[in-house]
Each structure stands twice: as structure tokens, then as C-alpha cells.
1. Looking at segment 94-107, which of its residues are of a type in the set (Asp, Glu) and part of a strand (DSSP E or B)?
2. Looking at segment 163-186, I want the residues that are more than 30 Å from Asp25 (Cβ to Cβ) and small (Gly, Ala, Ser) and have a partner that is open to solvent by 40 Å² or more (accessible area, probe 1.4 Å) and part of a helix (DSSP H, G or I) with Cβ atoms under 6 Å, at least 6 apart or on another chain. Which pairs are those?
3. Do you know which residues across segment 59-105 are acidic (Asp, Glu) and touching a residue at least 24 places away in the same chain (Cβ under 8 Å)?
4. When the residues of segment 168-178 are filtered to those that are surrounded by fewer than 20 Cβ atoms within 10 Å (Cβ to Cβ) and not in a loop (DSSP other than H, G, I, E, B), which remaining residue is farthest from the chain's Cα centre (by Cα)?
5. Yes or no: Ile62 touching a Gly at 6+ places or on another chain (Cβ under 9 Å) and either at positive phi or part of a strand (DSSP E or B) (or both)?
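The values are calculated or read from the model by the stated rules, or taken from the named source; none is laboratory data. The model shown is predicted, which means the values in this text are computed figures rather than measured ones. All Cβ positions, even for glycine, are placed from backbone atoms using ideal geometry, and neighbour counts span all protein chains on display. The accessibility values were calculated without ligands, DNA or RNA, using every heavy atom of the protein model including side chains. Shrake-Rupley method; radii C 1.70, N 1.55, O 1.52, S 1.80 Å.
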Amino acid sequence: MTATLTLPAGKMRKLGTRRARIQDDVTADYLAMVVKPGDRTIQIGASDLGAVCLQRGARHEIVAPVAAIESLQAVCERRGISADALRGGLAARTDAGERPIDVAIFGAETGFPAMAANWRHVSSSMRQGGVLILVGAERGAGARLADALAMDEAWVLQERRCGDAAVFRKAMPVDNARTMKSLSAAGQPHRRARGVSRFPLAGLFDRILRPRPAR
């Protein structure tokens, strides 16, 4: 991707270089619309989506192994994006007096125990009205976290993005006991995760946007 611009909802930008998955292009477009300069953003797990947050002028944190942090830094360097506002580590920071989180991104490849542990911090640190973008909301750990959010009245499913990301908004202050109860219920090994299913036309939309193979 050569540039990320804030666009009116429903409009797509053309990318100079597409990501491996069309779903991530759509999620990147959504991030470009919701992230504002000065926002505090956080991502859990490896992903280059954090580069969009940094390009929009956010103070971004990545919770992931060192290799994933270095990979994000390399992506920023290739795209000419300053990484001065990037910080990262194996655990989310809990600095006193820190600005509330505006936008959080949870990746699909994070295991549920790590996802749940980080979610307890992120959910309580996010401002009311803050946005959670849950990638892989229809499978694995992402589906389990989506189920936990469905049990928690503090969170509202705002929309189902094209692809495999679901968007939740924080509707009210969280109750830590309720958060723990919902995470525990969703994480039971015998429980089949439901997650957030794709809307009917998502697959068709993906096929329309997917680049045609060269002749």
C-alpha cells in the first residue's frame, strides 16, 4: 500500500501494492476512516495494520514478540511511515495517567489465553465509544472473544466488515467481574465457539474486489 487516506464511508481507495489478503485491505480502509491524529491505538498480535494507525498520526502500541515488532517497523520504513510513535513489547503497558485507548486491533492468530489476558487490560483502558476491530471473528480464538463480547452488555457489535473482521464499540464502562465471567464461559474447551458470521454478500464482495490474474 502506498498511501492511506481518510475516505467517506463506502468508498474505497486504490492500492499501489495489495496485501496478501483482500480482507486486510478492507480492514485497513476502515482503520483509515476511524483513526484520528493523536489517537491512542493498540494491536494484539502480528500484523501490518498498525502501519495505518501510525500513518494517521496515532500513538501506536503493538503487543507481540520482538520479531513481529521488527516486522512492523520494516513495513513502516518501506512505506515511508514514521515509527517514532510506535512502542511494543510482550505485554500491554499500564502507565499511570495514560490516555484511554481509542482503537484496538486483535489479530486472528493470537491464542485465546493470551487474547483473554490482554483483553482484560484493553477493555478497561479503552474510552467509552472506543472501537475494537476483531480480525478472524468467525473462527478460533477470535470467535471465542466475539462470544465473550456478546455476553457482555458493555460491548455492542457495530458492524460486520467485508472479510473476516467484526467491529465492536464500547457502550458503557466495563465491569471486571462480568468481563472475567464472559471470558471464562467463552473459553470452556467443550464449548463450540459461534463467533460473528459473515454477512450474506461478503464473499461476493471479496470476489469482485480480488485482482484478476494476469493474462
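1. Taking segment 94-107 first, the residues of a type in the set (Asp, Glu) are 95, 98, 102.
Passing the criteria: only Asp102.
2. If the second residue must be open to solvent by 40 Å² or more (accessible area, probe 1.4 Å) and part of a helix (DSSP H, G or I), the pairs left are Ser182/Met151.
3. First pass over segment 59-105, keeping only residues acidic (Asp, Glu): 61, 70, 77, 84, 95, 98, 102.
Within segment 59-105, Glu61, Glu98, Asp102 meet the criteria.
4. Ala177
5. Numbers: touching a Gly at 6+ places or on another chain (Cβ under 9 Å): yes; either at positive phi or part of a strand (DSSP E or B) (or both): yes.
It is true that Ile62 is touching a Gly at 6+ places or on another chain (Cβ under 9 Å) and either at positive phi or part of a strand (DSSP E or B) (or both).
Residue by residue, here is whether (1) buried (at least 18 other Cβ atoms within 10 Å of the Cβ); (2) not in a loop (DSSP other than H, G, I, E, B) holds:
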position	(1), (2)
Ser71	no, yes
Ala92	yes, no
Glu109	no, no
Met115	yes, yes
Ala146	yes, yes
Leu149	yes, yes
Gln158	no, yes
Lys181	no, yes
Ser184	no, yes
